1. May I ask you to list the residues in the stretch 118-164 that are of a type outside the set (D, E, K, R), crowded, with 18+ Cβ neighbours inside 10 Å and touching a Pro at 6+ places or on another chain (Cβ under 7 Å)?
2. For the stretch 167-194, what are the residues that are touching a Phe, Trp or Tyr at 6+ places or on another chain (Cβ under 7 Å) and either among the hydroxyl-bearing types (S, T, Y) or at pLDDT 95 or above (or both)?
3. Quick one: which residue in A99, A82 is on the phi < 0 side of the Ramachandran plot and at pLDDT 95 or above?
4. Looking only at the stretch 1-27, count how many residues are more than 20 Å from the chain's Cα centre (by Cα) and either small (G, A, S) or not in a loop (DSSP other than H, G, I, E, B) (or both).
5. Is it true that I157 is touching a Phe, Trp or Tyr at 6+ places or on another chain (Cβ under 9 Å) and either of a type in the set (S, T, N, Q) or assigned by TED's automatic domain parsing to the domain that holds L65 (or both)?
6. I'd like to check something: does the stretch 68-77 contain any residue that is closer than 30 Å to K182 by Cα, touching a helix residue (DSSP H, G or I) at 6+ places or on another chain (Cβ under 8 Å) and in a helix (DSSP H, G or I)?
7. Any residue in the stretch 8-17 that is free of Cβ contacts under 8 Å to residues at least 12 places away in the same chain and touching a helix residue (DSSP H, G or I) at 6+ places or on another chain (Cβ under 9 Å)?
Amino acid sequence: MIQKILTSTQSSTNVEVIVVDGGSIDGTLEFVQSLGIQVLSAPKGRACQMNMGATAATGDILLFLHSDTRLPPHFDMMIRAALNPLQSCRKIPIAGAFALQIDAPLRSLRLIERGVSLRSHFLQMPYGDQAIFLKAEIFHQFGGFPKLPIMEDFELIRRLKCRGYIAIIPVPVVTSARRWLKQGVLKTTLINQIVTLGYLLGISPQKLVFWYYHQSQLSLRQLFKSVPKLISSINFLKQ
């Protein structure tokens with residue numbers, strides 16, 4: 001997987017690639033180092049890892065790529081065009097992301113992709129698996145990704161869209177379908193929506209991330225039974 005992802009970044013020679021390892025034990029660190037790519041080590045957690053990579057980067061534009069997502073050819077030219085105010089149709093973009101393609105032929109995943117497209121365009125809320133990009137200056141002005149154990153991409157985009165337009169490149173990045181296939185499309189969708197709703201309702205991110213990573217072994221019936229207990233924490237937080 002990591003080899004395909006890194007290969008997708010090589011369609012341009014004007015790109016600085018930085019891999020931030022969060023304590024992997026599967027040989028990823030050694031493999032990436034063997035390719036001559038800069039590797040940093042950080043405490044496990046996407047926010048911490050991406051912030052460390054952004055601090056080390058020297059370019060004027062930052063692109064945050066998850067470890068299960070591949071970029072399209074000529075992604076760099078598309079990003080620069082999207083962030084160029086002279087080529088923007090209506091508004092000056094403050095950040096951007098790509099359309100999403102999930103790497104499996106299931107018809108239900110095409111519906112998920114359609115939903116992602118509608119959310120990205122009409123709500124201006126792309127997520128991290130869509131390869132968020134923005135100018136480094138803007139990223140640092142906003143303080144980087146908030147130090148949350150989950151929903152760090154959601155929160156950063158929510159802050160950014162209050163200050164400007166989020167450009168969506170119609171060419172998709174391709175993300176792994178592994179989680180969708182392992183847990184099922186319906187269950188994965190429900191978990192994602194419950195976590196998002198819980199975050200908006202004010203449930204602690206620490207509680208949400210614990211709940212999120214303990215749902216994979218539950219049946220749909222057990223999943224629904226666990227939701228009231230999760231939501232009950234709202235009253236506690238408001239006291």
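1. S120, I132, L148, P149, I150, M151, L156, I157
2. Just the residues of the stretch 167-194 that are touching a Phe, Trp or Tyr at 6+ places or on another chain (Cβ under 7 Å), to begin with: 169, 171-173, 188, 191.
Once the filter is applied, which keeps residues that are touching a Phe, Trp or Tyr at 6+ places or on another chain (Cβ under 7 Å) and either among the hydroxyl-bearing types (S, T, Y) or at pLDDT 95 or above (or both), the stretch 167-194 yields I169, V171, P172, V173, T188.
3. Answer to the selection: A99.
4. Residues of the stretch 1-27 more than 20 Å from the chain's Cα centre (by Cα): 10-14, 25-27.
From what's left, either small (G, A, S) or not in a loop (DSSP other than H, G, I, E, B) (or both): 10-12, 27.
Going through the stretch 1-27 one residue at a time, the tally reaches 4.
5. Numbers: touching a Phe, Trp or Tyr at 6+ places or on another chain (Cβ under 9 Å): yes; either of a type in the set (S, T, N, Q) or assigned by TED's automatic domain parsing to the domain that holds L65 (or both): yes.
Yes.
6. Within the stretch 68-77, the subset closer than 30 Å to K182 by Cα is 68-73, 75.
Remaining after also requiring touching a helix residue (DSSP H, G or I) at 6+ places or on another chain (Cβ under 8 Å): 68-73, 75.
If we keep only those that are in a helix (DSSP H, G or I) too, we end up with 75.
Yes, some residue in the stretch 68-77 is closer than 30 Å to K182 by Cα, touching a helix residue (DSSP H, G or I) at 6+ places or on another chain (Cβ under 8 Å) and in a helix (DSSP H, G or I).
7. Residues of the stretch 8-17 free of Cβ contacts under 8 Å to residues at least 12 places away in the same chain: 10, 13.
After this cut, where a residue has to be touching a helix residue (DSSP H, G or I) at 6+ places or on another chain (Cβ under 9 Å) as well, the list is none.
No - not one qualifying residue is present in the stretch 8-17.
Per-residue answers, yes or no, for (1) touching a residue at least 12 places away in the same chain (Cβ under 8 Å); (2) small (G, A, S); (3) not assigned by TED's automatic domain parsing to the domain that holds P146:
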{"site": "Y165", "(1), (2), (3)": "yes, no, no"}
{"site": "I169", "(1), (2), (3)": "yes, no, no"}
{"site": "V173", "(1), (2), (3)": "yes, no, no"}
{"site": "N192", "(1), (2), (3)": "no, no, yes"}
{"site": "Q206", "(1), (2), (3)": "yes, no, yes"}
{"site": "F210", "(1), (2), (3)": "no, no, yes"}
{"site": "S216", "(1), (2), (3)": "yes, yes, yes"}
{"site": "V227", "(1), (2), (3)": "yes, no, yes"}
{"site": "S232", "(1), (2), (3)": "no, yes, yes"}
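The values are calculated or read from the model by the stated rules, or taken from the named source; none is laboratory data. A quick note: this is a predicted structure, and the numbers were derived from the prediction, not measured. We place every Cβ from the backbone using ideal geometry, glycine too, and count neighbours over all the protein chains shown.
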